[in-house]
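These notes are about the structure you will find just below.
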Amino acid sequence: MGKLVLYGVEASPPVRACKLTLNALGLQYEYRLVNLLAGDQFNKEYTLKNPQHTVPVLDDHGKYIWDSHAIMAYLVRKYAKSDELYPKDFHKRAVVDQRLHFESGVIFQGCIRNIAHPVFRLNETEVPRAKIDAIYEVYAFLEAFLGTTTAAQKYLCGNSLTIADYSVVSSVSSLVGLAAIEQDKYPKLSGWLERMEQLPDYQSNNGNGAQMLIDMFSAKITKIV
Ligand SMILES: N[C@@H](CCC(=O)N[C@@H](CS)C(=O)NCC(=O)O)C(=O)O
């Protein structure tokens, strides 16, 4: 049986979310680089796999899946020994799904892509302050999500780590380069981020790539206006 293949690039948050999941499940996979700045994602061969031309794409023995959230859920359903990372219980799963949709629609689209597209694709060097304010709004929501179960809630959906934590940490760990998380303002969120940073293999699966995206932003952005 061949290996799973993940198409991606380190700086991409959704790619890193999938790497965290593959690592947690102990799955072997081949990693194939898609150089987005060189436009590799528009190659015919790649758009046949994913017409939306985004990374990540998972190739599971000729079956192509894209969108990190769909990939993470698929990997747990198909390969995990337990359902802990993506619970089968209807309500628990709904809570995880809510956080995944929040990452997809609000954090990634509203913060990461809303800043990255004008900067990297349209060569803009100034970022409107409203886009930074939107990041702080996300932090406030996450701070609230971290207090919905118990007072000492460790992870985004309760006291068990789920794929929602992998998804959200992939983008938040890069957003901190644009909007710092102040400990006194967001104590639960900063505690959660520290906890995530201590996970085994965090650095190689997420930390290094998160820093790469921060460096790419710093190299391009000259001013918040
Ligand atoms: N919601 C998608 C977002 C994927 C996405 O937009 N990835 C970016 C990189 S972070 C990309 O591939 N951009 C290249 C393009 O859209 O052409 C996911 O979670 O996989």
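The values are calculated or read from the model by the stated rules, or taken from the named source; none is laboratory data. Everything quoted here is computed from the prediction, not taken from an experiment. All Cβ positions, glycine included, derive from the backbone under ideal geometry; neighbour counts span all protein chains shown. Side chains are part of the model used for accessible areas, which takes the heavy atoms of the whole protein and leaves out ligands, DNA and RNA. Shrake-Rupley method; radii C 1.70, N 1.55, O 1.52, S 1.80 Å.
Quick look at the numbers
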{"item": "All positions within the stretch 1-41 that are among the aromatic types (Phe, Trp, Tyr) and either closer than 16 Å to Ser167 by Cα or more than 12 Å from the ligand (Cβ to nearest atom) (or both)", "result": "Tyr29, Tyr31"}
{"item": "Subset of the stretch 42-59 that is charged (D, E, K, R) and touching a strand residue (DSSP E or B) at 6+ places or on another chain (Cβ under 6 Å) - its residue that is farthest from the ligand (Cβ to nearest atom)", "result": "Asp59"}
{"item": "All positions within the stretch 133-147 that are open to solvent by 10 Å² or more (accessible area, probe 1.4 Å) and not aromatic (Phe, Trp, Tyr)", "result": "Asp133, Ala134, Glu137, Ala140, Glu143, Ala144, Gly147"}
{"item": "Residue, nearest to the ligand (Cβ to nearest atom), within the stretch 71-86, restricted to residues that are in contact with a strand residue (DSSP E or B) (Cβ under 9 Å, 6 or more places away or on another chain) and hydrophobic (A, V, I, L, M, F, W, C)", "result": "Ile71"}
{"item": "Test result for Tyr64, open to solvent by 80 Å² or more (accessible area, probe 1.4 Å), within 16 Å of the ligand (Cβ to nearest atom) and in the same structural domain as Leu20 (by TED's automatic domain parsing)", "result": "yes"}
{"item": "Hits in the stretch 119-132 - residues which are outside any loop (DSSP other than H, G, I, E, B) and open to solvent by 30 Å² or more (accessible area, probe 1.4 Å)", "result": "Phe120, Arg121, Glu126, Arg129, Ala130, Lys131"}
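For (1) open to solvent by 50 Å² or more (accessible area, probe 1.4 Å); (2) assigned to a loop (DSSP other than H, G, I, E, B); (3) touching a residue at least 60 places away in the same chain (Cβ under 8 Å); (4) of a type in the set (Phe, Trp, Tyr), each residue gets a yes or a no:
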| residue | (1), (2), (3), (4) |
| --- | --- |
| Ala11 | no, yes, yes, no |
| Gly26 | yes, yes, no, no |
| Arg32 | yes, no, no, no |
| Leu37 | yes, yes, yes, no |
| Thr47 | no, no, no, no |
| Thr54 | no, yes, no, no |
| Asp59 | no, no, no, no |
